[in-house]
Each structure stands twice: as C-alpha cells, then as structure tokens.
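Input: a single structure, listed below in structure tokens.
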Amino acid sequence: MKKALKWIGIVLAGLVGLLVVAAIVLVIYGQAKFKPTYANRPLYPIAADTSPEGLERGRYLMEDVTLCYEACHTFEQPFAGGSEEINDGPVSAIFAVPNLTQDVETGLGSWTDAEIARAIREGVDKDGVGLVIMPSVNYRALSDADMAAVVGYLRALEPVRNEVPPLQVNTVGKVFNALGMFGPSPVGEPFTAAQEAPAEGTAEYGGYMVSVGDCRACHGADLAGGPMPFGEGGPDPANLTPAGELPSWTEAEFINAVRTGQVPSGTFLTDGMPHYRMTDEDLAAIYKYLLSLPPVTPKN
C-alpha cells in the first residue's frame, strides 16, 4: 500500500511539474507573440490618391464600408483614437486604438504613405512592430487603388492632437492572443506585387467587399456565424451562408436589412450589427457572393 501511494505521489508530482512547465511555456509564448518586431520589413510602394475621385472613394471605404470609423478609431473625435479599460474574466487590458489623423506627434502625420498602407494591409506599424487586434487579415484584400484612396482620405483629415496610450494586456490576455482567441494574427506576408479588385457587380467583388467590410470579425472565417469568443450573452451572429435564412430573402430585403437592421419578418437585428451605408450595387454584389458560398452549419 505504501509503495502504491509513493508511486501515486510521484506521478502526481510529475503531472504538476508538467503543468508548471506548460504554463511557463505559454507565458513565454504569449509574450513573444505580443507586438513582435519585424526587422528590415520591406515597404510596398503606395502613394496617396488625393484626386477628387480618390478622396471620395477613400471616404466611402473608411466611413461607409469598413468598421474603422464607428467601431474602433472614433471615441470623442472622428478617427482620433482613444482607449478604455477592459476587464473580462481573467483578461484585463487597456484597449487602445491609434490616432489616425494627421497630427505629427500623436497621429499619422510623420508616417509615409507606404507605412500607413503597410499597417492597414500587413499589420506592421511604422517601426516594424506587429499590431494587435487589427483586422489586417481582411484588409489584405484591398487593391492598390483602394489602398491609395484610403491613404489619401487619411491624409486629408484635420490634425487632432490626442495622445493615446499603448495597448496593454495582462499575461492571460497575451496567452489568449497568442493562441488566436482574439482572432487571427494581423501580421501577413509583405506585399511584393500589384493587387487589383475584382470587377464590380460580380460575386467575386461581393467577396472583396465582405473582406473590406470586416464581416468575418463577427460572422466567422466561414461566415457561418455562431457563438463568438468572449460573447456577452446576446444573440449569436447570423449564418450568412445558404444554410441560414438568406436564401429566403430577396436582394431588396437583404439590402434593407444591412442598411436599416430590419429583417423581412419585421424584427430587427442585434445592436451589435453595424448599419452599413454601402451602395445598392455593392450590397447586391455581397448578396450574390453569399448565395454562392457552400452551406455551412455553425459549430456550437
């Protein structure tokens, strides 16, 4: 009996030791994956498009299509960034989003056009540091022309001095981030070739707008919806594949739902769903793209 207890004690001690080692490894991994530095990262040449057409396209993309304006970078002043303290279970953080105005000291005024483009499409900032919780994985889809228009729009913003603290996350949060629980890593491979958008009005262009609109941030990589990590207990994001309700909606009903939040039954979508102000043509292309997807049932 004593020998058996001795071996049980040895096994338990070994398991505890393994757990401690695993915890240490996770902590080190989490720290290494948080804001990594990419030395000698190349810059793909992008020049701001400040033509009237470019500025209007940039305004449309930044204000009506992407979530940059309403969801993240606007606190007290448009695009001036800000921060807030977050405590969600074991995760605590100072959630901070940068000032995108042209202030030289606190915004993008000292950045080059190519550095701004790299941060948006590749998830790497002016100093070669990887960004955190930035949907660059979707913004990689931006064509060179649209990227130039976005940079042109940002260049036209009035400078707003707003010193934003750096994003800070506790150890548990860094581990969760490294494990992909806050979404995929923003950092992608450097661009080395020109990138064009699909032809407007096609299903492929609809897929392009789905990426630029950051729909997958809520509806998942396969757009099948379902529970979100760290969800607050509200309704799950809808299944946008043909396995959901979309095939029973007309194109006009889809456009109205996205723009106003009202679905064909007369009820309204959750407040977490932004009211996109995309054109009818772009929303029609998205509708066409979503119906072309394979039906996927979300995993609970």
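In this label model, His275 and Glu158 are separated by 2.5 nm, measuring between points 7 Å along each Cα→Cβ vector.
Sort His219, His275 by accessible area with a 1.4 Å probe, largest first.
So, going from the largest accessible area down, we get His275, His219.
First measure r as the distance between the Cβ atoms of Thr250 and Ala197, then evaluate 1/(1 + (r/R0)^6) with R0 = 25 Å and state the FRET efficiency to the nearest 0.05. In this case the efficiency is close to 0.45. Under a Gaussian network description of the chain, with springs only between Cα atoms under 10 Å, the residue in Glu53, Glu122, Glu251 that fluctuates furthest is Glu53.
Based on DSSP H segments of at least four residues, each scored -39500 (n - 2.57), the chain has a per-residue ellipticity at 222 nm of -11000 deg cm²/dmol. Taking all protein chains as they are arranged and a probe of 1.4 Å, the heavy atoms of Glu85 leave approximately 130 Å² accessible to solvent.
Rounded to a whole number, what % of the accessible area of the range 160-281 do carbon and sulfur atoms account for, probe 1.4 Å?
Working: 3600 of 6600 Å².
Its accessible area is 55 percent carbon and sulfur atoms.
Here the convex hull built on the C-alpha positions of the chain has a volume of 176 cubic angstrom per residue. Measuring nothing but how far apart in sequence close Cα pairs (under 8 Å, 6+ apart) lie, relative to its length, the chain scores a relative contact order of 19 percent. A Stokes-Einstein calculation at 4 °C with viscosity 1.567 mPa s, built on the Kirkwood radius of the range 60-207 over Cα pairs, returns a diffusion coefficient of 79 µm²/s.
Counted as membrane-span-like here are DSSP H helices of the chain whose alpha-carbon atoms extend 20 Å or more along the helix's own axis and whose Kyte-Doolittle mean is 0.0 or above; these are 2-33. Accessible area per residue for the range 70-179 is 42 Å², calculated with a 1.4 Å probe on protein heavy atoms, without ligands, DNA or RNA. Note on the chain: lysine pairs with Cα distance below 20 Å, sequence gap of 8 or more or different chains, count 4.
The values are calculated or read from the model by the stated rules, or taken from the named source; none is laboratory data. Keep in mind that what you see is a predicted model, and the values were worked out from it rather than measured. Here Cβ is always computed from backbone atoms with ideal geometry, including for glycine, and neighbour counts include all displayed protein chains. Surface accessibility is based on the protein's heavy atoms, side chains included, excluding ligands, DNA and RNA. Shrake-Rupley method; radii C 1.70, N 1.55, O 1.52, S 1.80 Å.
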